[in-house]
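Chemist: Take this structure first; my questions come after.
What follows is calculated from the coordinates using simple rules that are stated; it is not laboratory data. From a predicted model like this one, the values you see are computed outputs, not experimental measurements. All Cβ positions, even for glycine, are placed from backbone atoms using ideal geometry, and neighbour counts span all protein chains on display.
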Amino acid sequence: MQRPVKERNNVGIVRTVIWVLLTIILVVFSMANWNPVTVTIWPGQVLDTKLPVLIFAAFLIGSLPLWIALRTSRWSLKRRIETSERQLADLRAMANRPAETPLTPEPAPQSKPVNDIPPSPLDPQ
């Protein structure tokens, strides 16, 4: 089901406003905290950087595992969908094939009726 065009435009405008506000907040935060920070990575290895750069790098490093998990699940689901579509196409092709002319079965040979009910012991013979 598709949304009306007017509703999609309103959602796009709201999304744009949210991104612009988020960008403005991040720029103001970065400008207010543009202080040098000393980070000790390993003993003897020191990194001098600005605080917003450090926060951005930590965000990217933290989001990397989630991004990898998302990509693998999308790849797996895409493979499953392609397999299902292939199977559906095969089933449709089988359903749409012309019917084979049925062979007329040979009539069963006529045989005399079988009396498989044993005689009663009370009946004289």
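Chemist: Of the residues in region 38-53, how many are within 23 Å of residue 23 (Cβ to Cβ) and in a strand (DSSP E or B)?
Modeler: 2
Chemist: Which residue is surrounded by the most Cβ atoms within 10 Å (Cβ to Cβ), if the candidates are limited to region 56-92 and must be more than 13 Å from the chain's Cα centre (by Cα) and of a type in the set (Gly, Ala, Ser)?
Modeler: Filtering first and then ranking leaves 57.
Chemist: In region 18-34, which residues are among the polar types (S, T, N, Q) and within 13 Å of residue 51 (Cβ to Cβ)?
Modeler: Selection gives 30, 33.
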